[in-house]
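Heads up, the thing below is written out as structure tokens.
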Amino acid sequence: MHDFYSDTQTRPTRAMRAAALDVPLGDERHDADPATLELCERVAEMLGMEAALFLPSGTMCNEIAIAVHTRPGDEVICTRESHIIFAESGGPAALSGVMMHPLDGERGMLTPGQVAAAIRPRSAHAPRSRLLVAEQTANLAGGAVWPQDQLNAVAQTAKEAGLATHLDGARILNAQVATGIPAAEYARGFDSAWIAFTKGLGCPVGAVLAGSRDFVAEAWLLKRRWGGAMRQTGVLTAMCLYALDHHVARLAEDHALAQSIAERLAQLPVIARLLPVETNIVIADLAEEAPTARDVARHLAERNVTATVVGQRRLRIVTHLDVGPADADALIAAIGDIG
Ligand SMILES: *Cc1c(COP(=O)(O)O)cnc(C)c1O
């Protein structure tokens, strides 16, 4: 299988699994699991926050953060193609009772002016603008990296108007590796932020949500209430610690592979257009005369290649730990032989 479906498709390596074998364990609910405590401390520091908590998924990070920052009836400002809108099963509405105020981003990014214009004046008629959510990198925009100034300025605009700010940092380490700018610099001005361990870092489970001590105390309450509190999480967090030590710098290899795939795709007549590739995601639009994205995906599947259909004529290809140059050759060959 040449699996470019997502960077979630990685399997833990032997060395990563070995890291979990001899780790001392305790109950995370009693702050007694050493690896989990160490992981939370390290991620809090990486994101420039006071504290952090370990959660089963990135979705739970986003949903808990939204719940902590808002009250029912409040409005959340974000881009239209945000993960919290398209891929969290209606969580913001179901769990927090909030309204979404989606804006059209430019490649998944907003400007301070756009945010300022979207914030409603306080009134008894309008919902209360309460939270800004941004994604670094912007997933559906093809792993686009917000420039640090723009991201910080958008957060500042929201803060000055009294809104809370949350950074969905599922792939923030891809941004850090692509630009050399530390994640904490991107997270500056945000009240909460998180990183995923199951994407480019290659772990089977886990995400860490960071914020102020008060924020994390509130988040722990919801973690327990919603059934996200676990026990001997060290078997998971030892693998996350291993990933922080061994799988961050290598994200550059994923970025280089994505770049080379994009360059080769650009030569193919069936590809009309590619979004700029900055990290590990390639988004390709098929030419008018080419088959639909669905048909192309089927054609690829027959050749043991997986890509994701993200629009009628749009495919997403994601590089990660478990694909290399030979898989890229298979992908290019399979797209190249479309009639
Ligand atoms: C994957 C992803 C999430 C959700 O993470 P899960 O661990 O799959 O729940 C949230 N936001 C973005 C941008 C993502 O790519």
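The values are calculated or read from the model by the stated rules, or taken from the named source; none is laboratory data. Computed from a prediction, not measured in an experiment: that's the story for all the values here. Reconstructed Cβ throughout: ideal geometry from the backbone, glycine too, with neighbour counts over all protein chains shown. Just the protein is used for accessible areas: all its heavy atoms, side chains included, with ligands, DNA and RNA removed. Shrake-Rupley method; radii C 1.70, N 1.55, O 1.52, S 1.80 Å.
Each principal axis of region 10-246 carries a Cα extent, and these read 57, 37, 29 Å when sorted largest first.
Farthest toward the positive end of the dipole of the chain, out of L209, S123, G162, is the Cα of S123, where the dipole comes from beta carbon charges about the Cα centre. The residue list M99, A333, P12 was ranked by how far each Cα lies along the charge dipole of the chain toward its positive end, using unit charges on Cβ atoms, and M99 comes out on top. The overall shape of region 169-233 is oblate: from the C-alpha gyration tensor, with semi-axes ordered a ≥ b ≥ c, the ratio a/c is 1.5 or greater and a/b is no larger than b/c. Counted by Cβ distance under 11 Å from Q259, the other residues give a net charge of -3, where Lys and Arg count +1 and Asp and Glu count -1. Computed FRET efficiency, Cβ-Cβ of R294 and A32, R0 56 Å: what is it to the nearest 0.05? Efficiency at R0 = 56 Å is approximately 0.65. Beta bridges assigned by DSSP with both partners in region 10-246 are antiparallel in approximately 40 percent of cases. Entry comment: accessible area of the chain is 42 Å² per residue, from protein heavy atoms only and a probe of 1.4 Å. With no solvent and one equal point scatterer placed on each C-alpha of region 1-128, evaluate the Debye formula and give log10 I(q)/I(0) for q = 0.09, 0.13, 0.20, 0.23 Å⁻¹, two decimals. Evaluating at q = 0.09, 0.13, 0.20, 0.23 Å⁻¹ gives log10 I(q)/I(0) of -0.42, -0.81, -1.26, -1.36.
Summing Cβ point charges (Lys, Arg +1; Asp, Glu -1) relative to the Cα centre of region 246-332 gives a dipole of roughly 220 debye.
The Cα atoms of region 121-278 give a gyration tensor whose axes a ≥ b ≥ c have a/c of 1.5 or more with a/b no greater than b/c, which makes the shape oblate.
At an R0 of 41 angstrom, the distance between the Cβ atoms of Q267 and D245 translates into a FRET efficiency of 0.60. Over the chain, dividing the summed -39,500 (n - 2.57) contributions of all DSSP H runs of at least 4 residues by the number of residues returns a 222 nm mean residue ellipticity of -11500 deg cm²/dmol.
Report in % the part of the accessible area of the chain that belongs to carbon and sulfur, leaving out ligands and nucleic acids; probe 1.4 Å. Present the calculation step by step, with values, prior to reporting the outcome.
On the way: 7300 of 14250 Å².
C and S atoms contribute 51 percent here.
Its Cα gyration tensor gives region 250-336 an equivalent ellipsoid, and the semi-axes of that ellipsoid, as √(5λ) in whole Å with the largest first, are 20, 14, 11.
Could you give the length gained by full extension between R120 and D149, i.e. 0.36 nm per residue of separation minus their alpha carbon distance, to one decimal place? Before the final figure, lay out each step's value.
On the way: separation 29, 0.36 × 29 = 10.44 nm, distance 2.39 nm.
Fully extending the segment from R120 to D149 adds 8.0 nm.
Let's see if you can work this out: charge +1 on each Lys and Arg Cβ, -1 on each Asp and Glu Cβ, no other charges. What is the dipole magnitude of region 64-192 about its Cα centre, in debye to the nearest 20?
Numbers: 10 positive and 12 negative charges, 62 e Å.
For this selection, approximately 300 debye.
Using the Cα centre of the chain as the reference point, and only Cβ charges (+1 on K/R, -1 on D/E), how large is the resulting charge dipole? Debye, rounded to the nearest 20. Let's see the in-between values first.
Working: 30 positive and 40 negative charges, 146 e Å.
So the dipole magnitude of the chain works out to roughly 700 debye.
Residues within the reach of a label modelled at A93 (point 7 angstrom out along Cα to beta-carbon, backbone nitrogen below 19 Å), restricted to region 131-149, are 131, 133. Between F197, L268, L221, the Cα set farthest toward the positive side of the dipole of the chain (charges on each charged residue's Cβ, about the Cα centre) is that of L221. The Cα center of region 230-297 and the Cα center of region 102-142 differ in position by 26 Å.
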